[in-house]
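Asker: Got a structure for you, written out below as structure tokens; questions coming shortly.
The values are calculated or read from the model by the stated rules, or taken from the named source; none is laboratory data. Since this is a predicted model, take the numbers as computed values, not measurements. Because the Cβ atoms are built from the backbone with ideal geometry, glycine has one as well, and the counts that use them run over all protein chains shown. The area values use the complete protein model at the heavy-atom level, side chains included, leaving out ligands, DNA and RNA. Shrake-Rupley method; radii C 1.70, N 1.55, O 1.52, S 1.80 Å.
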Amino acid sequence: MSKVLIIGAGGVGRVVVFKCAQHPEIFSDILLASRTKSKCDVIAKDAMAATGHNSIATAAVDADDVPQLVALIEAFRPKMVIHVALPYQDLTIMEACLQTGTHYLDTANYEPKEVAKFEYSWQWAYHDRFADAGLLAVLGCGFDPGVTGIFTARAAKHHFDEIHYLDIVDANAGDHGKAFATNFNPEINIREITQKGKYWENGQWVETEPFEIHQPINYPDIGPKESYLLFHEELESLVKHFPTIKRARFWMTFGQEYLTHLRVIQNIGMASIEPVMYKGVEIIPLEFLKAVLPDPGSLGDNYTGQTSIGCRIRGIKAGKEHTYYIWNNCSHKAAFEETGAQGVSYTTGVPAMTGAMMMLTGEWSGKGVFNVEQFNPDPFLEKLGGHGLPWEERFDVDLEV
Ligand code: NDP
């Protein structure tokens, strides 16, 4: 029975609240705090009605402001914070956790607002302070990053002596009926996919132009989808924690219609994060674009199709080469019927709740800052299916990549 503070009331926050509320034996008291309190109130009301949980309170907080966070945490005294606001707030929330003796979990690595740059260095730098305080911080516990790291840890623990090649494959074969929309925060999403591609090979990073490398990949129950090589943050921690990896890549599907819109958005300067003056006010084009694009939280209604995310691995077991594929498919419609949020929010929020459960039950423990693949994958994966994200695995199959 623990108190938990959830920060962020977007699509992912909604799923985390619903899923925590389904387990009052662990998450006995929930406080949902975000910049806009009215959004928290709607989620709390819906989650209590859907699950019968009777202790979900709400609050307004500016998570860029450490003293405000400290005051909120001191008033509520949670055992841990589940941070599902934006990556810009990772360091302020970690700082507030340190000042108040509170454990921490997030789903996306820190990036400074003024540079679209994803790396763990800023958060890994907190390791000693969390260790000295006897606190645990778990980084990147969504689906990717998150379950993809835990899938890789399962492969390393049970199926390989050495992992040599890792390809993370992420398909969203959903249809939301909109000409252009992103499945999570548009600003974060567009920053992520318009940067240069990057993959790990033979001990170094190889950089590519955005969308330069692509190929069709077959996804279970979906079929072939054109998949594009991107940099994704878990590649950095996975090649560090599994040093036998010779090559690690990340692939994501995009439809032609989406890429055409994105090209236009970039060509006309709307993806820029450089401030411009407009009628005497400084605005950032990408932030303005976010304000006019569909809210990802609103996509759930009539969203059909499914996501499919997994790891395709080649390596050595008992001196012989083997291949392995482990994945989850998630239906947007089923996610929406259960939580009122679409599949991408669901596949992020369910692992965040499951990771928090691992921390609160002591299945995952430690002092310091850790990535998910550093923990025992077994208890997490035993629970994940029952929490709504069943996974499958196949051995010695054609990996295609
Ligand atoms: P949304 O944009 O829908 O929601 C973000 C929420 O954070 C909003 O409620 C917003 O408030 C709140 N917020 C923003 N800034 C502040 C602040 N300074 N103080 C307090 N609250 C703030 O995003 P999503 O729900 O789609 O995504 C949430 C997180 O999940 C992101 O970090 C994203 O990168 C991550 N993610 C991770 C994935 C994974 O698999 N690992 C996949 C998808 C997402 P307001 O409503 O007022 O704007």
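Asker: How about Lys320: which aspartates and glutamates have a C-alpha closer than 18 Å to its C-alpha, ignoring those fewer than 8 places off in the same chain?
Answerer: Filter leaves Asp161, Glu162, Asp396, Asp398.
Asker: Above 20 angstrom, tally the Cα pairs of the stretch 174-257 and express them as a % of all pairs, no decimals.
Answerer: Values: 1507 of 3486 pairs.
That tail contains 43 percent of the Cα-Cα pairs.
Asker: How do 141-153, 166-178 rank on mean C-beta neighbours within 10 Å, highest first?
Answerer: 141-153, 166-178
Asker: How far is the Cα center of the stretch 120-191 from the Cα center of the stretch 321-374, in Å?
Answerer: That distance is 10 Å.
Asker: Now, a different point. In terms of Cα to Cα distance under 22 Å, which lysines are near enough to Lys383, apart from those fewer than 8 places away along the same chain?
Answerer: Counting by Cα, and skipping residues close in sequence, Lys383 has these lysines nearby: Lys3, Lys19, Lys79, Lys157, Lys333.
Asker: Continuing with the same structure: Could you report the stretch 8-100's accessible area per residue, 1.4 Å probe, as an integer in Å²?
Answerer: 38 Å²
Asker: Here's another thing I want to ask about it. Measuring with a 1.4 Å probe in the full set of protein chains, what accessible area per residue, in whole Å², belongs to the stretch 299-401?
Answerer: Computed with neighbouring chains in place, this is 37 Å² per residue.
Asker: For Trp205, tell me the accessible area in Å² from a 1.4 Å probe, rounded to the nearest 10.
Answerer: Looks like 90 Å² after rounding.
Asker: With every atom except the alpha carbons ignored, what do you get for Rg and Dmax of the chain, in angstroms?
Answerer: Using the Cα atoms of the chain, the pair Rg, Dmax is 20.2, 68 Å.
Asker: Taking the Cα-to-Cβ direction at Ile273 and at Asp378 and moving 7 Å from each Cα, how far apart do the two end points lie in nm?
Answerer: 4.1 nm
Asker: Could you list log10 I(q)/I(0) for the stretch 2-139 at q = 0.09, 0.22 Å⁻¹, which the Debye formula gives when each Cα is one point scatterer?
Answerer: The Debye formula, applied to the Cα set alone, gives -0.25, -1.35.
Asker: Could I ask something else about it? For labels at Met1 and Trp205 in the simple 7 Å Cα→Cβ model, what's the distance in nm?
Answerer: 4.8 nm
Asker: Along the positive direction of the dipole of the stretch 2-139 (beta-carbon charges: Lys, Arg +1; Asp, Glu -1; about the Cα centre), which of Ile6, Gln68, Pro87 reaches farthest?
Answerer: Ile6
Asker: In the stretch 187-222, which trypsin sites (Lys or Arg not before Pro) fall in coil by DSSP and have 16 or fewer other Cβ atoms within 10 Å? Let's see the in-between values first.
Answerer: Numbers: sites: Arg191, Lys196, Lys198; in loops: Lys196.
Filter output for the stretch 187-222: Lys196.
Asker: Let me ask you something else. What does the stretch 195-338 give for Rg and for Dmax, in Å, if only its C-alpha atoms count?
Answerer: Radius of gyration, then largest Cα-Cα span, for the stretch 195-338: 19.2, 68 Å.
Asker: So which aspartates and glutamates can Lys117 reach, going by Cα to Cα under 16 Å and dropping same-chain residues fewer than 8 places off?
Answerer: Lys117 reaches Asp90, Glu187, Glu192, Glu207, Glu209, Glu233, Glu234, Glu236, Glu274.
Asker: Go through 265-271, 134-140, 241-247, 332-338 and give me the packing order, highest mean Cβ count within 10 Å leading.
Answerer: Ranking the peptides 265-271, 134-140, 241-247, 332-338 by packing returns 134-140, 332-338, 241-247, 265-271.
Asker: At a threshold of 8 angstrom on Cα-Cα distance, excluding pairs fewer than six apart, so keeping six or more, what relative contact order does the chain reach in percent?
Answerer: That works out to 20 percent.
Asker: What is the gain in length, in nm to one decimal, between Glu114 and Ala318 on full extension, counting 0.36 nm per residue of separation less the C-alpha to C-alpha distance? Could you put the intermediate results ahead of the total?
Answerer: On the way: separation 204, 0.36 × 204 = 73.44 nm, distance 4.83 nm.
This chain segment gains 68.6 nm when fully extended.
Asker: Report the gain in length on full extension from Glu226 to Thr361: 0.36 nm times residue separation, minus Cα-Cα distance, nm rounded to one decimal.
Answerer: 44.5 nm
Asker: What FRET efficiency do you get for Val66 and Lys196 if R0 is 22 Å and r is their Cβ-Cβ distance, rounded to the nearest 0.05?
Answerer: Plugging the Cβ-Cβ distance into 1/(1 + (r/R0)^6) gives 0.10.
Asker: Moving on to the next point. Among all helices in the chain defined by DSSP H, which have a length of 20 Å or more along the axis from Cα atoms plus a Kyte-Doolittle mean of at least -1.0?
Answerer: Span-like helices, by this rule, are 37-51, 343-361.
Asker: Explain nothing, just the number: dipole magnitude of the chain about its Cα centre with +1 on each Lys and Arg Cβ and -1 on each Asp and Glu Cβ, in debye rounded to the nearest 20.
Answerer: Computed charge dipole of the chain: roughly 360 debye.
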